[in-house]
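What follows is a short report on a single structure.
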Amino acid sequence: MKLPIQGNAFSNAEENGAPFFRRFYIYQKERFPLLGHGLLVAAFSFSAISYSRICRGADGFVAIRTFVVGIFTTISLFLLVRIFDEFKDADDDARFRKELPVPRGLITFRELAVIGVVVALVQIVVNLVFFPKMLWIYAVVVGYLLLMGKEFFVAEWLKKHQFWYVTSHMFIIPLVDIYASGLDWLLAGVQAPVGLFFFFAVSYMNGIVLEVGRKIRAPERESEGVLTYTSMLGVPGAIRLWLAVLTVTLLLSIAASVFAGYGNGVLAVLIIVFLICALPAAFFLRSRNVKLSKMIEYASAAWTIAMYLTLGAGPMISKLLFH
């Protein structure tokens with residue numbers, strides 16, 4: 001384990017000397033806002049379960065207890081991803097991102113390790129008590145997370161090949177999606193619907209949309225040691241990449257909607273959302289300013305939320321309310 005960093009010019013002595021729970025509150029607020037991320041992951045999980053049930057023609061939704069325990073697991077799995085990233089990125093953060101909580105001494109690696117172990121133990125116990133069937137999918141997710149934490153034992157190679165770095169790390173999203181959807185099909189003792197393949201593919205591509213979108217920067221916001229797609233590919237190249245990823249995600253979402261039996265209304269919504277989300281990228285090519293680069297990041301988030309609402313959550317809520 002790496003030794004905790006004592007602090008730097010960004011350190012706040014009062015914060016660093018505060019009790020653990022106060023420091024953890026500040027940490028999560030900056031690095032993993034539990035409320036905001038929790039709501040997003042809950043919606044993500046709800047959509048995966050909903051899409052599975054709609055695809056296989058099941059009535060209603062899963063039991064509330066199943067859903068609550070399931071979203072605890074999915075939310076805390078993404079918290080583990082955040083904690084693993086702190087260890088994985090420790091050297092770069094200490095050199096180039098000294099304002100972050102760990103480099104400035106707000107929280108130590110030892111404390112993060114303890115949090116991670118406690119979270120994992122609670123996840124195992126909760127799943128063992130409520131639905132032991134889910135443990136094999138959980139084990140696959142955690143196994144992949146452990147490999148990610150070690151950079152698949154080819155850290156230097158991945159650093160030099162950004163494409164493979166991103167594509168390999170994004171598999172954690174559909175893996176968590178498989179767990180979430182399994183709260184339906186696996187617990188029901190049936191085979192996973194074929195359409196879920198496209199739903200998982202949409203989840204995977206959504207992760208790449210978000211990753212590329214948040215690393216498109218205006219020229220004045222580029223900084224040493226911070227890898228961005230605009231610095232690697234130039235502005236036109238980064239925009240073309242983001243639009244290509246967005247387009248592939250659109251095509252996969254259309255395929256997912258077909259397998260779920262959705263009509264032309266959903267197709268129209270997908271295309272309209274695509275066109276609206278693509279606008280900031282077109283504008284950024286003309287005027288390469290900070291505001292428009294942030295709009296691309298917001299459009300990436302809006303696209304992701306819209307996909308989950310359109311493919312799973314929206315149709316399920318409609319069924320529950322009106323049927």
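Checked against the criterion of being at pLDDT below 90, basic (Lys, Arg), in the same structural domain as Asn16 (by TED's automatic domain parsing) and at negative phi, the range 126-138 has no qualifying residue. Where helices (runs of 4 or more DSSP H) fall wholly inside the range 222-323, the ranges with 3 or more residues that are surrounded by 17 or more Cβ atoms within 10 Å (Cβ to Cβ), at pLDDT 90 or above and among the aliphatic types (A, V, I, L, M) are 229-259, 264-286, 290-308. For the range 105-123, taking the residues that are among the small types (Gly, Ala, Ser) and without any contact (Cβ under 8 Å) to a residue 60 or more places away in the chain, the one that is farthest from Ala180 (Cα to Cα) is identified as Gly116.
Can you name the residue in the range 92-114 that is assigned to a loop (DSSP other than H, G, I, E, B) and among the basic types (Lys, Arg) and, of all such residues, is farthest from Asn16 (Cα to Cα)? Across the range 92-114, the extreme among qualifying residues is Arg97. Annotation: Ala188 fulfils all but one of (1) closer than 23 Å to Leu251 by Cα; (2) not assigned by TED's automatic domain parsing to the domain that holds Val258; the unmet one is (1).
For the range 115-127, the criterion of being part of a loop (DSSP other than H, G, I, E, B) and not aromatic (Phe, Trp, Tyr) is met by none of the residues. Here the range 90-147 is the region considered, the condition is being out of contact with any Lys or Arg (no Cβ under 7 Å at 6 or more places or on another chain) and of a type in the set (Lys, Arg), and the residue that is surrounded by the most Cβ atoms within 10 Å (Cβ to Cβ) is Arg97.
For the range 8-46, the candidate set comprises residues that are over 17 Å from the mean Cα position of the chain (by Cα) and of a type in the set (Phe, Trp, Tyr); within that set, the residue that is farthest from Phe78 (Cα to Cα) is Phe10.
The values are calculated or read from the model by the stated rules, or taken from the named source; none is laboratory data. Fair warning: this is a prediction, and the values are worked out from it, not measured in the lab. We place every Cβ from the backbone using ideal geometry, glycine too, and count neighbours over all the protein chains shown.
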